[in-house]
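For reference, the structure is listed below as structure tokens.
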Amino acid sequence: MIQAAQVASKFTLFTHHAKTFPNLVTALRNSMLRTGVFTDERTAEEQVVQVLNFDIHLVKDFRGNRYIERVTECIPVEDKNEYNFDHRKEKTLEGKIDKFMDNATHYFTKSTNRELYRYVNIMEYVDGTYVLTNKISDQNIREMRENMDDADVDAFDKFLEENWGTKLKSRAEELEEMRQQREAEETKKRGRKPKVEK
């Protein structure tokens, strides 16, 4: 399932029985380790969180009613180089050692306790009604829009603006901006100054 989601399709649907989102990630990671596809927990978990965009969690109450309890988004955490080179500006040995220790602490934290993902509930069922709790990430919004026709993009953009105050460019504006970027890049490659529209 993870391999298919990485290369074979625009999206993958599957069912699971995990009670929480972290339990889902752990269960999928452990399945990959058991099959022998991976031997390193961290690498297996990275692969899992790269394909889990959303978890739609259903529950069955004591009356036998099934409903969506929450929609959770998985957001992979980018590994950024956050080291600083401030030690070069320090005048004293003590200052240089302090800056070195800051970088060393950051390095060891990244090496031992690095967070691979974070998750947020987008929507929750609360007291008989659905409540939007967090905005969908910009990355997922962008990918969702790329797979919609113009009418769906307009409706989705309206939903985003009404619920989260997010105003996005129309598809025509995006296409025009992409055309201008390509034109500027082509002009730059030829060694000419780009034209400035008046």
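What the table below lists for this structure:
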read-out: Some residue of the range 38-56 being closer than 22 Å to Y119 by Cα, basic (K, R), surrounded by 10 or more Cβ atoms within 10 Å (Cβ to Cβ) and modelled with pLDDT under 90; value: yes
read-out: Flag for R118 being within 19 Å of the chain's Cα centre (by Cα), in a strand (DSSP E or B), surrounded by 15 or more Cβ atoms within 10 Å (Cβ to Cβ) and of a type in the set (K, R); value: no
read-out: Inter-residue pairs, beta-carbon under 8 Å, first farther than 30 Å from R42 by Cα and in the range 89-110, second of a type in the set (D, E) and modelled with pLDDT of 85 or more, 6+ apart; value: E90/D98
read-out: Identity of the residue in the range 121-143, of a type outside the set (D, E, K, R) and in contact with a Phe, Trp or Tyr (Cβ under 7 Å, 6 or more places away or on another chain), that ends up surrounded by the most Cβ atoms within 10 Å (Cβ to Cβ); value: M123
read-out: Any helices (runs of 4 or more DSSP H) falling wholly within the range 128-198 and containing at least 1 residues that are at pLDDT 90 or above and small (G, A, S); value: 150-164
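The values are calculated or read from the model by the stated rules, or taken from the named source; none is laboratory data. Note that the coordinates shown come from a computational prediction; the quantities given were computed from them, not determined experimentally. Glycine gets a Cβ as well: all are built from the backbone with ideal geometry, and neighbour counts include every protein chain shown.
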